[in-house]
Amino acid sequence: MDKIRITGGQQLNGDIEISGAKNAALPLMVAAILTDQPLVLNRVPELQDVLSLNELLEELGVSAKYDGVAKKLTLHGAKITSTEAPYEFVRKMRASILVLGPLVARMGVAKVSLPGGCAIGTRPVDLHIEGLKRLGAEIELNEGYILAKAPNGLVGAPIHFTKVSVGATENLMMAAALAKGTTVLTNAAREPEIVDLGECLIKMGAEIEGLGTDRITIHGKQYLRGTEHSVIADRIEAGTFAVAAAMTGGKVTLKHCEMQHLEYLTQPFHKAGVDILSSGTDVTVERKRDRLRGFDIMTEPYPGFPTDLQAQMMSMLTIAEGAGMITETIFENRFMHVPELARMGADITVHGSSALVRGVAKLKGAPVMATDLRASVSLILAGLVAEGQTSVSRIYHLDRGYEDLVGKLTKVGAKLERMHDKEEAA
């Protein structure tokens with residue numbers, strides 16, 4: 001199994017190109033089910049999750065052609081040949097549940113395995129199911145599968161989410177785009193990735209109002225056309241590299257990303273003594289003090305602080321002066337990186353959904369193990385500033401969400417390499 005070995009203590013300086021967002025690309029790919037015409041997506045990152053979803057779409061009859069150099073993905077669902085998303089595909093990635101709504105909307109039937117994904121707490125699909133029922137689908141749960149039927153098509157309806165859910169908002173927005181009549185989603189998620197999906201659906205002929213607010217109105221259409229669309233920048237990747245620059249004390253410019261999608265970093269970075277400034281589509285990050293200062297964050301649905309950056313900010317706090325508190329309100333098991341950071345000398349006390357981090361003068365390199373996608377990158381960040389060498393194992397999590405992480409960090413001065421077991425033994 002591959003590992004990443006990091007030699008700490010290198011300041012990062014230079015430019016990092018930000019990839020297209022994984023969390024935007026995946027629902028956009030699924031939107032190809034809604035039309036029999038080609039959907040061309042630009043700036044699609046080369047990630048394991050993208051490859052896994054391509055496999056599932058091909059299983060359903062959607063052809064997928066990916067140009068890794070141009071980052072262009074062409075999807076064509078001229079004829080859907082299967083309406084079943086088997087467990088062997090869905091278990092790899094939770095986002096596979098997004099095929100449920102589009103399949104029922106276009107084909108009148110779907111059989112989708114209950115999903116797998118990162119072990120970061122229960123993420124039930126009840127909001128997806130209840131929403132589809134509101135649109136007229138008949139749903140059964142049987143032997144680990146969701147069976148959904150709407151032989152006469154879906155019918156628009158008001159749907160109120162009892163909890164803000166990105167996935168359920170995306171699934172039902174796509175389903176409603178082919179439903180008869182009008183659907184109004186209230187307490188809808190407001191993430192930039194949802195706005196991006198909505199804008200692509202509008203290009204495909206959908207009529208959608210209220211994107212970026214918690215009330216989204218979709219006027220269903222009988223037919224959607226193909227289109228070409230570019231995926232927005234990955235704000236989580238950009239945030240991760242911003243933290244890397246802050247921790248190492250260098251000056252890094254993040255190319256082709258949107259500062260408006262990173263506003264939640266402004267306050268904690270300011271408290272920590274880090275400048276984050278934008279110029280057009282470039283964002284420059286530079287630490288202004290010898291040592292970072294502590295800060296507090298609480299994860300919340302967008303536009304609040306994202307749970308996907310919580311682990312990275314915890315790594316930042318481990319070397320800050322004073323203490324900081326991190327409160328996690330989205331997922332209940334998202335502190336699994338704490339024991340691994342402690343192996344490197346971090347001083348972290350967890351009380352339920354909060355973690356008190358007391359900064360230490362220096363972390364020390366150690367062998368550590370990744371538990372999920374964002375936890376794995378938090379250990380890489382810790383390794384960048386740790387004394388000596390850090391070895392991070394189970395990095396297949398990283399391949400799901402970070403495109404060429406080692407290459408991008410190496411380019412700005414980090415010392416790290418990906419190693420295979422044979423190399424490690426040698």
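The values are calculated or read from the model by the stated rules, or taken from the named source; none is laboratory data. Not measured: the values here are computed from a predicted model. Using ideal geometry, Cβ is built from the backbone for each residue, glycine included, and neighbour counts are taken over all protein chains shown.
Odds and ends about this structure:
- Pick from the range 61-76, criterion of a type outside the set (S, T, Y) and in a strand (DSSP E or B), ranking: farthest from G136 (Cα to Cα): D67
- If you go through the range 71-97 and keep only what is of a type in the set (K, R) and touching a strand residue (DSSP E or B) at 6+ places or on another chain (Cβ under 9 Å), you end up with K71, K72, R91.
- Restricting the range 1-51 to residues that are outside any loop (DSSP other than H, G, I, E, B), within 25 Å of P115 (Cα to Cα) and of a type in the set (D, E, K, R), the residue that is modelled with the lowest pLDDT: D49
- Complete set of residues in the range 191-214 that are charged (D, E, K, R) and not in a helix (DSSP H, G or I): E191, E207, E209, D214
- Candidates G212, G205, G198 - the one that is within 20 Å of the chain's Cα centre (by Cα), under 19 Å from G101 (Cα atoms) and assigned by TED's automatic domain parsing to the domain that holds A137: G198
- Checklist (1) at pLDDT 95 or above; (2) buried (at least 21 other Cβ atoms within 10 Å of the Cβ); (3) of a type in the set (V, I, T) applied to I97, failing item: (1)
- Scanning the range 315-358 for residues that are farther than 27 Å from K288 by Cβ and hydroxyl-bearing (S, T, Y) gives T329, T349, S353, S354.
- Residue check, A320 over 25 Å from Q267 (Cβ atoms) and either β-branched (V, I, T) or touching a residue at least 24 places away in the same chain (Cβ under 8 Å) (or both): no
- Total residues in the range 77-113, condition in a helix (DSSP H, G or I), over 28 Å from D399 (Cα atoms) and not aliphatic (A, V, I, L, M): 1
- Among the residues of the range 114-130, those that are of a type in the set (D, E, K, R) and either in a helix (DSSP H, G or I) or modelled with pLDDT of 95 or more (or both) comprise D126, E130.
- Any hit, the range 131-153, residues being polar (S, T, N, Q), in a strand (DSSP E or B), more than 30 Å from D308 (Cα to Cα) and touching a helix residue (DSSP H, G or I) at 6+ places or on another chain (Cβ under 9 Å): no
- From the options H420, H351, residue that is under 28 Å from L47 (Cα atoms) and over 24 Å from the mean Cα position of the chain (by Cα): H420
- Candidates A245, A188, filtered to the one that is within 30 Å of G8 (Cβ to Cβ) and either in contact with a Ser or Thr (Cβ under 8 Å, 6 or more places away or on another chain) or not in a strand (DSSP E or B) (or both): A245
- Options T253, T217: the member that is under 19 Å from I18 (Cβ atoms), out of contact with any helix residue (DSSP H, G or I) (no Cβ under 6 Å at 6 or more places or on another chain), touching a residue at least 12 places away in the same chain (Cβ under 8 Å) and part of a strand (DSSP E or B): T253
- Residue ID - surrounded by the most Cβ atoms within 10 Å (Cβ to Cβ), chosen from residues in the range 307-327 that are under 17 Å from the mean Cα position of the chain (by Cα) and aliphatic (A, V, I, L, M): A311
- The set of residues from the range 154-181 being touching a helix residue (DSSP H, G or I) at 6+ places or on another chain (Cβ under 6 Å) and among the aliphatic types (A, V, I, L, M) comprises L154, A157, I159, A168, L172, M174, A175, A177, L178.
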